[in-house]
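*Asks:* This is the structure, below, for whatever I ask next.
The values are calculated or read from the model by the stated rules, or taken from the named source; none is laboratory data. Note that the coordinates shown come from a computational prediction; the quantities given were computed from them, not determined experimentally. With ideal geometry, Cβ positions are generated from the backbone for all residues, glycine too; neighbour counts draw on all protein chains shown. Protein only, heavy atoms only, side chains kept; ligands, DNA and RNA dropped before computing areas. Shrake-Rupley method; radii C 1.70, N 1.55, O 1.52, S 1.80 Å.
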Amino acid sequence: MNGLIDTHNRRINYLRISITDRCNLRCRYCMPKEGVSRFGHAEILSYEEILRVAALAVKRGIDKIRITGGEPLVRKDVVSLVQRLSALAGVHDLSMTTNALLLCEFAPDLSRAGLRRVNVSMDSLDPEKYRRITRGGDLQKVWEGIDAARRAGISPIKINVVAIAGFNDREIEDFARLTLKEPFQVRFIEFMPIGAASEWKPEHCIPCQQIKGRIERISPLVPLTEVGNGHGGPARLFKLPGAAGEIGFISPVSEHFCQSCNRLRLTADGKVKSCLFSEELTDLKPLLRSGAGDEELERTLDEALLSKPAHHGPIDGVIKRCHHPMVKIGG
Ligand code: SAM
C-alpha cells in the first residue's frame, strides 16, 4: 500500500459510498416533491461490485468508510453489506448517514454486523416542522431509531442539522441544549448550493460563525479540536461547559475546509466523485462489468484523484453550485 495522495498533497483515506439513490423522505431542500429520476436496477452497483471497489480502495489506503444514499436503510440486505465491509481488513471506521426512520428496526443487526457509529439527519425538533421540511417524515420514528441505536451500543450518535434561514434558525439554541444532558454530537451544517437547492440564495445559508454566536448566548463554548484533525472530520468541535455531548460546526460555504479534505465519493451507479462541488465523475461501472483487472481499476481510481480540485471556492467571490442532486451523489 502506498496510500492515495492527490495532486495537492492531501492524503485521501475516506470513502463515502452511496448505495442507493432512493429515499423514503422528500426533504424540500434536497429533492423536488416528485422525487428525482431514479437509477434503474441494472444501473446500481451490486453489493459484490461495491465490495470490490471498496476492497481496492482500502488496499490503496482508504481506512474510513461511510455508507450513505439516498437513504441507505431502504436498500435490501443492507446489513449484509455492512457486515462484509466491516470485515475488510484495514477499515478502521465504518459509519452510516441515515434519516433514522428505519433505524429502530435495523439498529441491533447493524451493530452486530459491525456498524460502530451513525450520523442522523434531523433538521427540526418540532414534529410539525420536521414533517413539513421532509414532506411527511415522522420525528417520533427518528427518536425511536436513535434510542434503538443507543441500546445497540452504536456510539457516538451524531445529529446533523442543516441550518436554513427562516426555517430552523429559531431552534439553534434548542439543538445546542440537547447536548447538555445527552451525549450526542450535534453538528450544524451550512446549507449548500447543491442539487434541488437550486433555489438556494446566499441569504438562506446561516454562516457557522453566526450559529456559534447564537449558541454563545447560552454560554461561551469550550473549543475541543481544530479543523480536520480526524476526530470530528471537517467539524470544528466545541462543548457547552459541563455538557454530556458536543457541538460541531461544518462550514463548506463560509469557510471551506478543502485543504484538509480527505474524501472520495462512490455514487450508487459506480462513479467516483472527487469533490462534492465538482461536476466531474469517473465511471468505474464499465470496467467492473467488462472483466477489467484490479490493476486497471486501481489506475482509474488514481486518475479520479487527479481531478480532485484544490478547492471548491468561492472563486472570485462567486459560490460554486453543484447541479447533481444530493441523493444521487451520496450526501
Ligand atoms: N438519507 C440519508 C440522510 O438523511 O442522512 C443520507 C443522504 S442525505 C442526502 C445526507 C445529508 O445531506 C443529510 O444530512 C442532508 O441534510 C444533507 N444535505 C442534502 N442537501 C443539502 C444541502 N443543500 N446543504 C447541506 N446539506 C445537505
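*Asks:* At 1.4 Å probe size, with the rest of the protein present, what percent of the exposed accessible area of the chain is carbon and sulfur atoms?
*Replies:* Percent of accessible area from carbon and sulfur atoms in the chain: 51.
*Asks:* Which net charge results for the neighbourhood of Ile17, defined as the other residues with beta-carbon distances under 9 angstrom from its beta-carbon, given Lys and Arg at +1 and Asp and Glu at -1?
*Replies:* Neighbourhood net charge equals +3.
*Asks:* While we're looking at this one, here's another question. Could you give me the radius of gyration and the Dmax of the chain, taking only the C-alpha atoms into account and expressing both in angstrom?
*Replies:* That works out to 18.9, 60 Å for Rg and Dmax.
*Asks:* Additional query: Any idea what angle helix 47-59 forms with the longest principal axis of the chain, computed on alpha-carbon atoms, 0 to 90 degrees, nearest 10?
*Replies:* 90 degrees
*Asks:* Further, regarding this structure: Mind ranking 164-175, 108-119 by how tightly packed they are, going by the mean number of other C-beta atoms within 10 angstrom, highest first?
*Replies:* 108-119, 164-175
*Asks:* Related question: Full extension from Asp147 to Asp283: what is 0.36 nm times the residue separation minus their Cα-Cα distance, to one decimal in nm?
*Replies:* Difference between extended and current length: 45.1 nm.
*Asks:* Residues of the chain: accessible area per residue at 1.4 Å, in Å²?
*Replies:* Here the per-residue accessible area is 43 Å².
*Asks:* Sticking with this structure for a sec: What do you get for the angle between helix 294-306 and the principal long axis of the chain? Use alpha-carbon atoms, 0 to 90 degrees, nearest ten.
*Replies:* 40 degrees
*Asks:* Quickly work out the Glu182-to-His92 label distance, labels modelled 7 Å from Cα along the C-beta direction, and quote it in nm with one decimal.
*Replies:* Placing both labels 7 Å along Cα→Cβ, they lie 3.0 nm apart.
*Asks:* For helix 139-151, what angle does its Cα long axis make with the longest principal axis of the chain, in degrees from 0 to 90 and rounded to 10?
*Replies:* Approximately 70 degrees, to the nearest ten.
*Asks:* Related question: At a Cα cut-off below 27 Å, give the lysines reachable from Lys181, other chains included and same-chain residues fewer than 8 away excluded.
*Replies:* Partners within reach: Lys129, Lys141, Lys158, Lys212, Lys239.
*Asks:* Pop a pseudo-label 7 angstrom from the Cα along the beta-carbon direction at both Lys59 and Arg135 and give the gap in nm to one decimal.
*Replies:* 4.2 nm
*Asks:* Please list, in chain and number order, the residues 5+ apart from Ile157 or on another chain whose amide H is under 5 Å from its amide H, with Hs placed from the backbone.
*Replies:* Distant-sequence amide H within range of Ile157: Gln185.
*Asks:* Another question, if that's okay. May I ask you to compute the full-extension gain from Ala244 to Arg112, defined as 0.36 nm times their residue separation minus their alpha-carbon distance, rounded to one decimal in nm?
*Replies:* That pair, Ala244 and Arg112, stretches by 44.9 nm at full extension.
*Asks:* With a ≥ b ≥ c the root eigenvalues of the C-alpha gyration tensor of the stretch 1-123, is it rounded (a/c under 1.5), prolate (a/b larger than b/c) or oblate?
*Replies:* Prolate, since a/c reaches 1.5 and a/b exceeds b/c.
*Asks:* Here's another thing I want to ask about it. Once you put a point 7 Å from the Cα of Ser307 and another 7 Å from the Cα of His8, both along the Cβ direction, what distance in nm separates them?
*Replies:* Each label point lies 7 Å from its Cα, and together they span 1.6 nm.
*Asks:* Considering the options Leu266, Leu115, Phe175, tell which one lies farthest towards the positive end of the dipole of the chain, charges being +1 on Lys and Arg and -1 on Asp and Glu at the Cβ, about the Cα centre.
*Replies:* Going by the Cα projections, it comes out as Phe175.
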